[in-house]
Structures are given as C-alpha cells and as structure tokens.
1. Over the stretch 140-231, average the accessible area per residue using a 1.4 Å probe and give it in Å², no decimals.
2. Once you charge only the Cβ atoms, +1 for Lys and Arg and -1 for Asp and Glu, what is the size of the charge dipole of the chain about its Cα centre, to the nearest 20 debye?
3. Going by a ≥ b ≥ c, the root eigenvalues of the Cα gyration tensor, does the stretch 68-189 fall in the rounded group (a/c under 1.5), the prolate group (a/b larger than b/c) or the oblate group?
4. Could you tell me which of HIS105, GLY23, ALA149 has its Cα farthest along the dipole of the chain towards the positive end, charges placed at Cβ (Lys, Arg +1; Asp, Glu -1), taken about the Cα centre?
5. Using θ = phi - 60° and the Karplus curve 6.51 cos²θ - 1.76 cosθ + 1.60, what whole-Hz ³J(HN,Hα) does each residue of the stretch 134-151 get, with Gly and Pro shown as x?
6. Taking only DSSP H segments of four or more residues, each worth -39500 (n - 2.57), what value at 222 nm results for the chain once the sum is divided by all its residues, to the nearest 500 deg cm²/dmol?
7. Within the accessible area of the chain, what % is carbon and sulfur when the probe is 1.4 Å and the other protein chains stay in place?
8. What is the stretch 36-126 by shape, rounded, prolate or oblate, if you read a ≥ b ≥ c off the alpha carbon gyration tensor as root eigenvalues and call it rounded for a/c under 1.5, prolate for a/b larger than b/c, and oblate otherwise?
Amino acid sequence: MTSNPKRQARPRTPLSRDRVLSGAVRVADERGVASVTMRKVAEELGVEAMSLYHHVANKDEILDGIVDLIFGEIELPDSAAARPVDWKAAMRSRAFSARAVLSRHPWALGLLDSRRNPGPATLRHHDRVIGCLRSAGFSIAMAAHAFSALDSYIYGFVLQESSLPFDTSEEVEDIAESIASRMPADAYPHLTEMITGHALKPGYAYGDEFSFGLDLVIDGLARILDRLHAP
C-alpha cells in the first residue's frame, strides 16, 4: 500500500516562547528592531500572527524578551569564586564580550537599558557586575559611577564603530587615500599626519582603539579606588 507523502512530512517544531523570541532576534538582526512586529515575527517562523499570542502578550513583551536574550549572551564575572575576583580583568572581559555581542546585534544598543520589565538574564547581569565592583571595594555610589562609565564607553564605541564607512583595512586605505587626495596641500597638516602616519600604516584597524580607551577607563577607576582606601 502506498503511503501518503503528506503524512510522512517532517513534523513542524512546536511553537514556544523561546522560538518566538529567537525568531524576533533574527528579524531584528536582518531588518532592524523597527521591523519586530507580531506579523513579521510570525512570517519569520512560518505561522499565523495570532498563534504568537499563546506565548507572548504583545510586541512589548517580545522586546523585553529579546533584550533579555542579548544580556544573556554577555560574559559575566564569577559569582561565588573561592578566591577574590580580579575586578579589572573581569570588567575587561565583560567589556570585550559586550562589544562582540552588540556588534552582532547593533539594534540592541538603543534597547538594553530602556525596558521597564527586565528579565532574569538582565537582572543577573546587573547584579553580577555590581557585586564584582562591590567586592573590589567600590562604595555603592562608586560602583554605580563605574558601571555607568564602562557602559557609556562600550555602547558609544560600538555605535561609532558600526557607523564607520569601512569594515576592512583595505577599505580604510581606500577611503583615507581618497580623503587625502581631495584635501588642499598643507591645509590640514595634523589630519594629514594622522592619515599618513597612523591610519595608512600596515595592519591598522579601528577596532584596536577599543582596548586603549577601555584601559584608560579601568585605570582611572582603579586610581579612584586606591584613593578611597588610602590610609
């Protein structure tokens, strides 16, 4: 007896809240966060929009959920380490991880700290960072200042990096040479020096600037911490 090919078709993966949120992240990655609507997410998942309401109440709940997913991707300091945590190394690792995550999901920059209903990953992230700073000897106020300064630097760098008109060293060279060729001779000597003596050097990558600036922030916080605990 010939079997019905439709009955042999692979069953569709059941819809769940996790699938809805993962689909929403893909929509945001491909088309921007403004495209994250119930209809667009349903299209991404190959279902009817009404079926999403069994798992999320509305678009706001989707946005809350995808922000929580992004925070969940960022590396965090250890919580209950047997030995004291090196706060500078921990904040540095977290910063590099956050930059990598936000570079993959640049749409999240404007959402991370905007939600009124933070999820468990978001709360864990903030609690763990604050705990690391407090364990290092930062007062509550100084931990808040440090957290803000670090995130302002990380978010600002990612925003600037994502706005640059180049991705590779070859593109940097093409753009720099094009700009230099249009500038009047000796009109902008300092800019010319920066282009020829820095940006056009072999191996230049704008992303390398991240580590330099991050170390300035962390070293500045360390000096403040030392002053707070000086005898």
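The values are calculated or read from the model by the stated rules, or taken from the named source; none is laboratory data. The shown structure was predicted, so the numbers you read here are calculated from the model rather than taken from an experiment. We place every Cβ from the backbone using ideal geometry, glycine too, and count neighbours over all the protein chains shown. Please note that ligands, DNA and RNA were not included when accessible areas were found on the heavy atoms of the full protein model with its side chains. Shrake-Rupley method; radii C 1.70, N 1.55, O 1.52, S 1.80 Å.
1. Values: 5980 Å² over 92 residues.
Here the per-residue accessible area is 65 Å².
2. Details: 26 positive and 31 negative charges, 273 e Å.
My answer is approximately 1320 debye.
3. On the way: a/c = 2.73, a/b = 2.11, b/c = 1.29.
The shape class here is prolate.
4. About the Cα centre, the residue reaching furthest to the positive side is GLY23.
5. With coefficients 6.51, -1.76 and 1.60, one gets 5, 5, 6, x, 5, 5, 4, 5, 5, 5, 5, 4, 5, 4, 5, 5, 5, 5 Hz.
6. Details: 10 runs with 140 residues, N = 231.
Mean residue ellipticity, 222 nm, calculated: -19500 deg cm²/dmol.
7. Numbers: 7630 of 14210 Å².
The value for the chain is 54 percent carbon and sulfur by accessible area.
8. Values: a/c = 3.04, a/b = 2.31, b/c = 1.31.
Verdict is prolate for the stretch 36-126.
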